[in-house]
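Read the figures in this text as sums done on the coordinates, not as results from a lab. Predicted, not measured: the structure shown is a model, and the values here were computed from it. Here the Cβ positions follow ideal geometry from the backbone for every residue, glycine too, while neighbour counts run over all protein chains shown.
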């Protein structure tokens, strides 16, 4: 079978087949795998074993929570190059440092494999799937190497990999969870903190991102050139810094962003030439966007976004547009705005007059970079008050919501979901009454 690895890895495999321990005295785990027949369930005895190890047949490699594989700073800890294998309950540590070789806790090059309940630590990449379809990566704890953010590897990396399930993993001290050229994957209930992109899509379509938690990352979720993605029911917080944001879209079309909570970010939702494809829309429904510098930021005067039933609270600015432009060409309807100053005389839960947002002189903190230091200061607050009192320049209408909601309680509830059963390796199905996932 094909084995294209670094020289150090090849040497390690040769030593393992020969039954030789590594120079540090650790026994190799490879003989347990080599002796197993197809379909075998191999439980490693408690202890620390030398890696890398190579799984080339459908089988189960089980650490029972008591076995560690230490790659000794060389290559990937476990390499799966088969279909139908399971690697679980292992502690996998100390991969190599090569970005070119994608040194990982687990490399996957096959289909219908299961990677679950592992503790992966001090590895450059966590789990790497390359041209690998229909795999499950579930309930793993992944902690990257203690490197500067820009030179870390990715916690989970999908490359040309379709129909995988990435679920219930806990990730910290990594760079990104990244999905490249990969369609129809389901990314659910993961917790990601302390990274660059909590989740980054590039040229990836028809993916589902649901009920994840992204905290203290530079960016929560960013979609680039990735159409027909559903982002639903996630909690994104503390995306701070000069480029910090909750959810970002660049030249991305036919996206549904609904029922998310985006709080404490420099920018809540960022839209750059999105939707990009003609005659498409991006649907932004029932999200809580709160306690952020800018709630929704448009890169330019673009159209095609539908924003309905969202909740805007306690943002420094709810909506803004770069380049002295407007967002009025988008569809704004039935959102709750905490600074709405109208009345509801017929008590139908909808304001009697439209909600309008105008750009006055308080845009100085956006248009003049150094002035942003004074955002929210008495000086700019006074300037804003004077400009609204007696404008010395024509203000810009940013948006008009014709049917603003008067209360949070009047916002429709989230879509119902069907929970997966206990011990179900395939996961539950998602209720999709509007056909958004088709």
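Observations, loosely collected:
- If R0 is taken as 22 Å, the Cβ-Cβ distance between residue 191 and residue 408 corresponds to a FRET efficiency of 0.25.
- Residue 97-residue 394 FRET efficiency (beta carbon distance; Förster radius 60 Å; 0.05 resolution): 0.55
- Calculated on the Cα set of region 198-286, radius of gyration then Dmax: 11.8, 36 Å.
- Stretch gain in nm, segment residue 350-residue 112, where the contour uses 0.36 nm per residue and the Cα spacing is subtracted: 80.6 nm
- Computed lengthening from residue 41 to residue 163, 0.36 nm per intervening residue step minus Cα-Cα distance: 41.4 nm
- Comparing Cα centroids, region 137-181 and region 22-62 end up 24 angstrom apart.
- Packing, as the average of other Cβ atoms within 10 Å across residues, places the peptides 319-327, 153-161, 117-125 in the order 153-161, 117-125, 319-327, highest first.
- Using all pairs of distinct alpha-carbon atoms, the Kirkwood hydrodynamic radius of region 1-195 works out to 16.2 angstrom.
- At full extension, residue 141 and residue 323 could sit 61.2 nm farther apart than now, given 0.36 nm per residue minus the alpha carbon distance.
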